[in-house]
Amino acid sequence: MAATLGRPDPLEFHHLRLNTLIRLRWLAIVGQSASVLIVAYWLEFPLPVSLCFALIALSAWLNLFLAFRYPAAHRLPPRFALGILLFDALQLAGLLYMTGGLTNPFSLLMIVPVVISATSLPARWTLLLGLVVVAMASLLAFIHLPLPWYSGTVLAMPFLYVAGMWLAVVSSIAFTAVYAYRVAEEARLLANALSATELILQREQHLSALDGLAAAAAHELGTPLATITLVAKEMERALGDDPRFREDVTLLRSQSERCREILKRLTSLSSEGEVHMARLPFTSLIEEVIAPHRDFGIQIKLEPGDRDGAEPVGRRNAGVIYGLGNLVENAVDFAREAVVLRWRWDDTQVELNVIDDGPGFPAEIIDRIGEPYMSKRTVREGGGGLGLGLFIAKTLLERSGATVSFGNAGEPGKGALVRVSWPREAFLASGQALEISY
């Protein structure tokens, strides 16, 4: 029952949407144009306005070309997106060259293309773009036109200030790029894992619906099969003892009768099993979960705990069955000799503990267990690992209203402990939250 989905290829998800990039560039064009106009005509600082607007117009022309050349939903390949972001970095560096270089307070905007790259492109392309931007910032520290200031006055900034601005740009690129990359990567992994969760849940729901499909098939096939049987009887009566067709007609009739018996069994199975399949007592749920894991050389022990009140009976929930099964499978994988299942219930809570006698969870990863693609636990030979499977199990169980916690048993000879607990009312209604219509 463990999830066998592999980790997705990161390059598959590093495609920046063109419309997003175009909108960001229009925002930059508006801001750059407003800054040039304010400095040149309101503050009346000397400024090469025509050259500045030539660079801004070049960015606007590229925006228009991309907007007309590609549809809005077009996703850019990584190399193409890198080229556009590199152009943005060079265009901004050109504007800064004509307006004071790193003495210009807007020089911190050089980090923007790198941050966009960090959220949408592979790490190696972001590193390349970051190095280019740092090189341009280093050149602008020494090579630039004077900072626009009052006419007849040159504002000379001390080298210590320029060095501080360079350090601010470089450190901002390093910190914000790494932070943005990590956040975006975790979001992508989470989205991929949730997609895998939905696929697993749909598969389990399809399996649970097979009895209904069998009943529908029996109902739909009943009428044509009755017609075939009637025709076979009439052919047998009309042909009598004709040796040419007697065996064939007899075979046709016997096989049609066999098909009718099969359909009767299918219909009987659905009608007799519908009630008990729809509702599942807690102890029956435990038996169904552990059944596939009994023949792997690991003893599975059942230890009932305190049971106050009537046994909780919930709706059959494919997500809960899959989630608990995954927890039991992981315990079997890591156990040395035995896995213990302890459960209890009362008027307010239903709880199940899964305990193995393996090495337990390392202390440094207990707080991270359940994150997608996290696999750190040492496993015995032939066992599995922790990662997407546990994330799917935890997600499905939490959707049913359960609280899932991971730790170590703290008992002699015991290892890892996984505790799953539901409010009693949530367990009784656990099948309703995850129903899917087909």
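Sort out which residues of the range 56-83 are surrounded by 13 or more Cβ atoms within 10 Å (Cβ to Cβ), over 18 Å from Met136 (Cα atoms), within 35 Å of the chain's Cα centre (by Cα) and among the hydrophobic types (A, V, I, L, M, F, W, C), and write them in order of number.
Scanning the range 56-83 gives Leu62, Leu66, Ala67, Leu76, Phe80, Ala81.
Each row is one residue, and each column tells you yes or no for (1) modelled with pLDDT of 75 or more; (2) over 30 Å from Ala226 (Cβ atoms); (3) surrounded by fewer than 18 Cβ atoms within 10 Å (Cβ to Cβ).
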position: Asp241; (1), (2), (3): no, no, yes
position: Thr250; (1), (2), (3): yes, no, yes
position: Met277; (1), (2), (3): no, no, yes
position: Leu280; (1), (2), (3): yes, yes, no
position: Thr283; (1), (2), (3): yes, yes, yes
position: Pro292; (1), (2), (3): yes, yes, yes
position: Ala310; (1), (2), (3): yes, yes, yes
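Would you check which residues across the range 390-424 are part of a helix (DSSP H, G or I) and either free of Cβ contacts under 8 Å to residues at least 40 places away in the same chain or not polar (S, T, N, Q) (or both) and list them? First the steps, then the outcome.
Let us first name the residues in the range 390-424 that are part of a helix (DSSP H, G or I), namely 390-399, 424.
Residues satisfying the conditions are Leu390, Phe391, Ile392, Ala393, Lys394, Leu396, Leu397, Glu398, Arg399, Arg424.
Given the conditions (1) at pLDDT 75 or above; (2) of a type in the set (A, V, I, L, M, F, W, C); (3) within 51 Å of the chain's Cα centre (by Cα), report the number of the one that Leu190 does not fulfil.
(1)
What are the residues in the range 123-139 that are open to solvent by less than 10 Å² (accessible area, probe 1.4 Å) and either touching a Leu at 6+ places or on another chain (Cβ under 7 Å) or in a loop (DSSP other than H, G, I, E, B) (or both), if any?
Leu129, Ala137
Considering only the range 147-177, how many residues are open to solvent by 90 Å² or more (accessible area, probe 1.4 Å) and in a helix (DSSP H, G or I)?
4
List pairs: first in the range 84-110 and over 13 Å from Leu55 (Cα atoms) and open to solvent by 10 Å² or more (accessible area, probe 1.4 Å), second of a type in the set (S, T, N, Q) and part of a loop (DSSP other than H, G, I, E, B), Cβ under 8 Å, 6+ apart or cross-chain?
Phe106/Thr99
Residues of the range 101-122 being over 23 Å from the mean Cα position of the chain (by Cα) and either modelled with pLDDT of 90 or more or not polar (S, T, N, Q) (or both), which ones?
Filtering the range 101-122 for residues over 23 Å from the mean Cα position of the chain (by Cα) gives 101-114.
Hits for the range 101-122 are Gly101, Leu102, Pro105, Phe106, Leu108, Leu109, Met110, Ile111, Val112, Pro113, Val114.
When you scan the range 61-80, how many residues do you find that are touching a His at 6+ places or on another chain (Cβ under 9 Å) and under 11 Å from Ile22 (Cα atoms)? Don't jump to the end; show me each part of the working.
Step one: filter the range 61-80 for residues touching a His at 6+ places or on another chain (Cβ under 9 Å), giving 66, 75-78.
So of that shortlist, the ones also under 11 Å from Ile22 (Cα atoms) come out as 66.
Summing the residues that are touching a His at 6+ places or on another chain (Cβ under 9 Å) and under 11 Å from Ile22 (Cα atoms) in the range 61-80 gives 1.
Let me confirm something: among Pro146, Pro158, Pro77, which residue is closer than 20 Å to Ile38 by Cβ, modelled with pLDDT under 90 and out of contact with any strand residue (DSSP E or B) (no Cβ under 7 Å at 6 or more places or on another chain)?
Numbers: Pro158 fails: closer than 20 Å to Ile38 by Cβ; Pro77 fails: closer than 20 Å to Ile38 by Cβ.
It is Pro146.
Would you pick out the residues in the range 61-70 that are in contact (Cβ under 8 Å) with a residue 40 or more places away in the chain and of a type outside the set (S, T, N, Q)? Steps first, answer last, please.
In the first step, residues of the range 61-70 are kept if they are in contact (Cβ under 8 Å) with a residue 40 or more places away in the chain; the result is 63, 66-67, 70.
Passing the criteria: Leu66, Ala67, Tyr70.
Is there a residue being over 15 Å from Lys414 (Cβ atoms) and modelled with pLDDT under 75 anywhere in the range 357-364? Lay out the reasoning, then the answer.
If we filter the range 357-364 for residues that are over 15 Å from Lys414 (Cβ atoms), which is where we start, we get 362-364.
Next, only the ones that are modelled with pLDDT under 75 stay: 364.
Yes, some residue in the range 357-364 is over 15 Å from Lys414 (Cβ atoms) and modelled with pLDDT under 75.
The values are calculated or read from the model by the stated rules, or taken from the named source; none is laboratory data. On a predicted model such as this, the values are computed, not experimentally measured, just so you know. Positions of Cβ are backbone-derived with ideal geometry, glycine not excepted, and every protein chain shown enters the neighbour counts. Note: accessible area is taken over every heavy atom of the protein model, side chains too, but ligands, DNA and RNA are not part of it. Shrake-Rupley method; radii C 1.70, N 1.55, O 1.52, S 1.80 Å.
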